[in-house]
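The values are calculated or read from the model by the stated rules, or taken from the named source; none is laboratory data. Computed from a predicted model, the values in this text were never measured in an experiment. In this analysis, Cβ positions are derived from the backbone assuming ideal geometry, glycine residues included, and neighbour counts consider all displayed protein chains. Accessible surface is based on the protein model in full, side chains and every heavy atom, while ligands, DNA and RNA are left aside. Shrake-Rupley method; radii C 1.70, N 1.55, O 1.52, S 1.80 Å.
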Amino acid sequence: MRVTHLSLGDYRNYATAEVSLQTGLNLIVGRNGQGKTNLVEAIAYFARLSSHRVTGDTALIRAGQDAAVARMRVAVADRDVLLEVQINKGKPNRAQINRNSARPRDLTRWFSCVVFAPEDLSLVRGEPSIRRRFLDEAVVARNPAFAATLNDYDRVVKQRTALLKSARITSNRSAVDATLEVWNEQLIDLGVTIMLARRSLVRSLAGPLRSGYFSIVEHDHAPTMQLTESVGQCLADSHVSRETMHFEQDMSVLPGGEEVVPAPQPTGDSVDVSRETLIAEFRAALELMRRQEYERGVTLLGPHRDDVLFELNGLPVKGFASHGESWSFALALRMALATLLRDESVVGDPVIILDDVFAELDARRRAALMHQVSQFEQVLVTAAVEEDVPPGEWHRVYIEAGAVVGAGMGHDES
């Protein structure tokens, strides 16, 4: 799989842009603030329907405009596909595939990419929501149809939480019990589907993560990732006291509503557990948490409250790993996902995007990462300084002030 051409209209700082790309190595060069990252952001949008830099689409539309348009021609196996998206301010986005109207989420069936970016350090050092987003984006990359399940689950959580809040305000719990049970069944059904998909993903990433980390640091620090699921944690804690649970003892809430769970314990190690067993566990945990949920007016259990524990040599990466080890783990995690998608794909490699990553790495890690990504069909790299990028036969695209000012092939000996 590879991108052959990108067209932009009123996207970020581009009034218009036309960019041709080649198989193999592509280097997009420009000083900071000129728009090089905006190009790869637009490309990645077709795979995830969101930016890897900001939340929401409004920032993607050029100032003073009501919509942005991105068109991308992709070579998929032996087919040439034209993907188009119109990002609208204040109304739903629109999409086309080969000039035929389509749902935006259908675009993800035709394009796959893995983005490496400086923001990836937050995967290992940031809040649980960042890791959940990684998991869910990876699950959708494996199976684009799964996006509908995630959307349905989010809707159920919002509706169920609204019901709990109404019961908290009115103090009339009996009036909402019957309705709550209906939402419980939907929460359990969709939640278990997501939990099983995440478990499968984590198991599939284990081998590629270990080999990817070793290729970058040349040491086996035994990198692992394990799910910490709220359902399992609730059941594990319940034998101590139903009145003193993990969520009330150890959870604090930030102003934005993000939970902080100190020292999470892995609870989702087995992917072989039956769906029926997991459903029964989810239902039992909800019963245990019923009083706390009513009192707080919040849905406290489910995939939206889960996390992933990353470890090196048996210790959590967050809080114990050095800056270099944390960076290497984040890079290895992205590389593991790219390897998994390549191995499972029937239409070719995912496109690899490295957005200003080489500037963050020392020379050895640059060379190791470059060796790994060069094995993929197409690689797109952004850089402010060409000397930061390892040598190779690069197709270069030069960006200045929201415009493409030059392009061409060349071998870099630096």
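Relative contact order for the range 60-210: what percent, with Cα pairs under 8 Å and sequence separation of 6 or more?
Normalised by residue count, the contact order of the range 60-210 is 13 percent.
Using alpha-carbon pairs under 8 Å, 6+ residues apart, how would you state the relative contact order of the chain in percent?
With pairs under 8 Å counted, the relative contact order is 26 percent.
With both bridge residues required to lie in the chain, what share of the DSSP beta bridges run antiparallel, to the nearest 5%?
Bridges in the chain are about 70 percent antiparallel.
Suppose every Lys and Arg Cβ carries +1 and every Asp and Glu Cβ carries -1, with no other charges. What dipole size does the chain come out with about its Cα centre, to the nearest 20 debye?
So the magnitude is around 1160 debye.
Which of Thr16, Pro128, Val74 sits closest to the plus end of the dipole of the chain, meaning its Cα is farthest towards the positive end, when Lys and Arg get +1 and Asp and Glu get -1 on the C-beta?
The listed residue farthest towards the positive side: Thr16.
Per residue, how many Å² of accessible area does the range 110-171 show with a 1.4 Å probe? Write out the running numbers ahead of the final one.
On the way: 2620 Å² over 62 residues.
That works out to 42 Å² for each residue.
With +1 assigned to the C-beta of every Lys and Arg and -1 to the C-beta of every Asp and Glu, and no other charges, what is the dipole magnitude of the range 1-135 about the Cα centre in debye, to the nearest 20?
Roughly 240 debye for the range 1-135.
What is the packing order of peptides 396-406, 56-66, taking the mean over residues of other C-beta atoms within 10 Å and listing the highest first?
396-406, 56-66
Tell me, how many Å apart are the Cα centres for the range 115-158 and for the range 304-380?
Taking the Cα centre of the range 304-380 as reference, the centre of the range 115-158 is 16 Å away.
Where does each of 40-48, 316-324 land if you order them by average Cβ count within 10 Å, highest first?
Result, highest mean Cβ count within 10 Å first: 40-48, 316-324.
Mind ordering 332-340, 100-108 by average Cβ neighbours within 10 Å, highest first?
Put in order of decreasing packing, that is 332-340, 100-108.
About the Cα centre of the range 127-197, what is the dipole size in debye to 20, counting +1 per Lys and Arg Cβ and -1 per Asp and Glu Cβ, all else neutral?
Value, rounded to 20: 260 debye.
Ignoring any ligand, DNA or RNA, what whole percent of the accessible area of the chain comes from carbon and sulfur when the probe is 1.4 angstrom? Intermediate values should be presented prior to the final figure.
On the way: 8930 of 17820 Å².
Carbon and sulfur together cover 50 percent of it.
Put +1 on the Cβ of each Lys and Arg and -1 on the Cβ of each Asp and Glu in the chain; which of Gln233, Ala47, Val397 then has its Cα farthest toward the positive end of the dipole?
Ala47
So what's the gap between the Cα centers of the range 60-105 and the range 163-223, to the nearest angstrom?
Spelled out, the Cα-based centre of one part sits 31 Å from the other.
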